[in-house]
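Enquirer: Handing you a structure now.
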Amino acid sequence: MTADVSLRTVAPRPTAVVSQTTTWKEFPAVWKPLLDEVYSFVRGRAPELAPNDGPEVWRNAFLYLDDQPTVEIGVLVARSFEPHGRVVPSQLPAGDVVTAVHRGDYAQLGRTHDAVGEFIAAQGLVRVGPSWEIYGHWREDPSELETEVYYLVQIPASI
């Protein structure tokens, strides 16, 4: 199930990530080890990097820089930090985005990406850069999972 698709302007959000170029075929086996590497770093630095004080501190952020894909896999953090091995500070882009919240099983996440793509085309917008996903906190019940999907766009002058 997908919430309404909308056009918004977003601010940059700091992240801790590991970057890698992969293929879509390899990606399902690549993302988890990269994320584990980031968690190994941030969990020991929660007081300084945690974006909030609650019991569910970290939210995963997957940034797709291109269609190859070159990816940045990591988590949202409160601020930048000194690099540690392959874990480096980065940020999710700022600008105009088309976004939607996917609610439900990750296996159906492609439907939300499709809905965002259809909105971009229908509104005459132009994709101009990366896309990304911000994952809500893990829930055992797949119907309670939430994933925010974002595509950076340019609004043509004629709109």
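The values are calculated or read from the model by the stated rules, or taken from the named source; none is laboratory data. All of these numbers come straight from a predicted model, not from anything done at the bench. Using ideal geometry, Cβ is built from the backbone for each residue, glycine included, and neighbour counts are taken over all protein chains shown. Just the protein is used for accessible areas: all its heavy atoms, side chains included, with ligands, DNA and RNA removed. Shrake-Rupley method; radii C 1.70, N 1.55, O 1.52, S 1.80 Å.
Enquirer: Principal axis lengths of the stretch 57-138 from Cα atoms, whole Å, largest first?
Expert: Dimensions of the stretch 57-138 along the principal axes of its Cα atoms: 43, 29, 24 Å.
Enquirer: Now for a separate question. Return the whole-Å distance between the Cα centroid of the stretch 133-159 and the Cα centroid of the stretch 27-92.
Expert: 17 Å
Enquirer: While we're here: Probe radius 1.4 Å, ligands and nucleic acids ignored: give me the carbon and sulfur share of the accessible area of the chain as a rounded percent.
Expert: On the way: 4410 of 8560 Å².
Summing carbon and sulfur atoms, their accessible area is 52 percent of the total for the chain.
Enquirer: What distance in nm separates the simple spin-label points at Ala157 and Ser143, each placed 7 Å from Cα in the Cβ direction?
Expert: Rounded to a tenth, the inter-label distance reads 5.1 nm.
Enquirer: While we're here: What accessible area per residue comes out for the stretch 24-105, rounded to a whole number of Å², with a 1.4 Å probe?
Expert: Working: 4280 Å² over 82 residues.
On a per-residue basis, the stretch 24-105 sits at 52 Å².
Enquirer: Just grab the label-to-label distance for Thr70 and Gln123, each label 7 Å out from Cα along the Cβ direction, in nm (one decimal).
Expert: Going from the Thr70 label point to the Gln123 one covers 2.7 nm.
Enquirer: Turning to a different aspect of this structure: Out of residues 5 or more away from Arg59 or on other chains, whose amide H comes under 5 Å of its own, with H placed 1.01 Å from N in the peptide plane?
Expert: Leu76
Enquirer: To continue, here is another question. Just need the relative contact order of the chain here, percent rounded to a whole number, with Cα pairs under 8 Å and 6+ apart. If you can, show how the numbers build up before the last one.
Expert: Numbers: 326 pairs, mean separation 48.0, N = 159.
Worked out over the chain, it gives 30 percent.
Enquirer: Kirkwood Rh over Cα pairs of the stretch 1-77 into Stokes-Einstein at 4 °C, 1.567 mPa s: D in µm²/s? Before the final figure, lay out the partial values.
Expert: On the way: Rh = 14.0 Å.
Translational D for this selection: 93 µm²/s.
Enquirer: Compute the acute angle (0 to 90°) between the alpha-carbon long axis of helix 27-42 and the principal axis of greatest extent of the alpha-carbon atoms of the chain; round to the nearest 10°.
Expert: It is inclined by approximately 50 degrees.
Enquirer: Return the single residue from Pro89, Pro33, Pro51 with maximal mean-square fluctuation; model: Gaussian network over the chain, springs between Cα atoms under 10 Å.
Expert: Pro33
Enquirer: Of the candidates His113, His137, His84, which one comes out as most mobile in a Gaussian network treatment of the chain with C-alpha springs shorter than 10 Å?
Expert: The residue that fluctuates most here is His84.
Enquirer: Using the Cα atoms as the points, what is the convex hull volume per residue of the stretch 90-159 in Å³?
Expert: Values: hull volume 6.0 nm³, N = 70.
With only Cα atoms used, the stretch 90-159 gives 86 Å³ per residue.
Enquirer: Could you work out, for the chain, what percent of all Cα-Cα pairs fall into each 5 Å distance bin, beginning at 0 Å and stopping at the bin that holds the largest distance?
Expert: 2, 9, 17, 20, 21, 17, 9, 4, 1, 0
Enquirer: As an exercise, use a Förster radius of 22 Å and the Cβ-Cβ distance of Tyr39 and Arg8 to find the FRET efficiency, rounded to the nearest 0.05. Before the final figure, lay out each step's value.
Expert: Details: r = 29 Å, r/R0 = 1.31.
Result of the calculation: an efficiency of 0.15.
Enquirer: With springs only between Cα atoms under 10 Å, which of Phe41, Phe27, Phe119 fluctuates most in a Gaussian network model of the chain?
Expert: Sorting by GNM fluctuation, first place goes to Phe27.
Enquirer: At a probe radius of 1.4 Å, what is the per-residue accessible area of Arg13, in Å² to the nearest 10?
Expert: For Arg13, solvent-accessible area is about 90 Å².
Enquirer: For Trp24, Trp132, Trp58, Trp138, write out the residues from largest to smallest accessible area, computed with a 1.4 angstrom probe and no ligands counted. Walk me through the numbers on the way to the answer.
Expert: Working: Trp24 130, Trp132 5, Trp58 35, Trp138 150 Å².
Order by accessible area, largest first: Trp138, Trp24, Trp58, Trp132.
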